[in-house]
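Participant: Got a structure here, written out as structure tokens. Questions coming.
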Amino acid sequence: GNSALKNNTTGNFNTAIGYNALFSNTTGRSNTANGYEALYLNTTGANNTANGYQALNSNTTGYNNTANGHRALYSNTTGSYNTANGNEALFSNTTGRRNTANGYYALRSNTTGTNNTATGNQALTLNTTGTNNTATGYNALRSNTTGDFNTANGHRALYSNNGRSNTANGYEALYLNTTG
């Protein structure tokens, strides 16, 4: 694609397919970028895989990230060991580490939260700095922003939660819990 790997100097083992894919890369190695502006700002980050329109677009030095989907991990700059699968999954993540998001808007608002796992459309979608949360199911732990150590399994389980150390299993389990 036009301007793919345009600024590469000594980076090796890279693959760039698409307009401006890996555009800013200088010494980063073992990266794969497929899509318009995928890994666009990456300079020295290594072992990243970005598939989709602007996937991992803002990554500069983050490493060992995988983004599959339209603008997945879009805002990531230095965060590492993240996996995002789905439209805008982990979209706002900047420095958060070891997060896994599977589904449309899963962990979309996460910025610096770490060790979170979201599986399902909009699971943990409003989480920003919360850590060590697990959400499985549509809208599970949806409203959580800063709560930690929560586990929600089921459609809209712990939907309103912003507390910590809660476990909910089942359809709308603990739906109205906010700070408990």
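Participant: How many of the residues in the range 103-122 are surrounded by fewer than 24 Cβ atoms within 10 Å (Cβ to Cβ) and under 15 Å from Gly154 (Cα atoms)?
Facilitator: 4
Participant: So, one more: Here are Leu41, Leu73: which of them is on the phi > 0 side of the Ramachandran plot, at pLDDT 95 or above and hydrophobic (A, V, I, L, M, F, W, C)? Don't jump to the end; show me each part of the working.
Facilitator: On the way: Leu41 fails: on the phi > 0 side of the Ramachandran plot.
Within the list Leu41, Leu73, the selection yields Leu73.
Participant: If we keep just the residues of the range 124-138 that are of a type in the set (Ser, Thr, Tyr) and part of a loop (DSSP other than H, G, I, E, B), which is nearest to Ala173 (Cα to Cα)?
Facilitator: Tyr138
Residue-wise test of (1) hydrophobic (A, V, I, L, M, F, W, C); (2) crowded, with 24+ Cβ neighbours inside 10 Å.
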site: Asn20; (1), (2): no, no
site: Asn34; (1), (2): no, no
site: Leu41; (1), (2): yes, no
site: Ser58; (1), (2): no, no
site: Thr83; (1), (2): no, no
site: Arg97; (1), (2): no, no
site: Ala101; (1), (2): yes, yes
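Participant: Still on this structure: Looking only at residues in the range 132-180 that are under 19 Å from the mean Cα position of the chain (by Cα) and on the phi > 0 side of the Ramachandran plot, which one is most open to solvent (accessible area, probe 1.4 Å)?
Facilitator: It comes out as Phe149.
Participant: Do we have any residue at all in the range 1-18 that's modelled with pLDDT of 95 or more, among the hydroxyl-bearing types (Ser, Thr, Tyr), in a loop (DSSP other than H, G, I, E, B) and under 20 Å from the mean Cα position of the chain (by Cα)?
Facilitator: no
Participant: Now a separate question. Conditions: (1) hydroxyl-bearing (Ser, Thr, Tyr); (2) more than 14 Å from Ala101 (Cβ to Cβ); (3) surrounded by fewer than 18 Cβ atoms within 10 Å (Cβ to Cβ). Thr128 meets all but one. Number of the miss?
Facilitator: (2)
Participant: Looking only at residues that are of a type in the set (Ser, Thr, Tyr) and loosely packed, with under 15 Cβ neighbours inside 10 Å in the range 1-18, which one is nearest to Asn64 (Cα to Cα)? Quick ask: steps written out before the conclusion?
Facilitator: To start, the set of residues in the range 1-18 that are of a type in the set (Ser, Thr, Tyr) comprises 3, 9-10, 15.
Imposing the further condition that a residue be loosely packed, with under 15 Cβ neighbours inside 10 Å reduces the set to 9-10, 15.
On the way: Thr9: 21, Thr10: 19, Thr15: 15 Å.
Applying the filter and picking the extreme gives Thr15.
Participant: Additional query: Look at Thr111 and say whether it is within 24 Å of Asn133 (Cβ to Cβ), of a type outside the set (A, V, I, L, M) and not in a strand (DSSP E or B).
Facilitator: Yes.
The values are calculated or read from the model by the stated rules, or taken from the named source; none is laboratory data. Since the model is a prediction, treat every value here as computed from it, not as a measurement. Cβ coordinates were reconstructed from backbone atoms using ideal geometry, including for glycine residues, and neighbour counts include every protein chain displayed. Heavy atoms of the whole protein, side chains included, go into the accessibility calculation; ligands, DNA and RNA do not. Shrake-Rupley method; radii C 1.70, N 1.55, O 1.52, S 1.80 Å.
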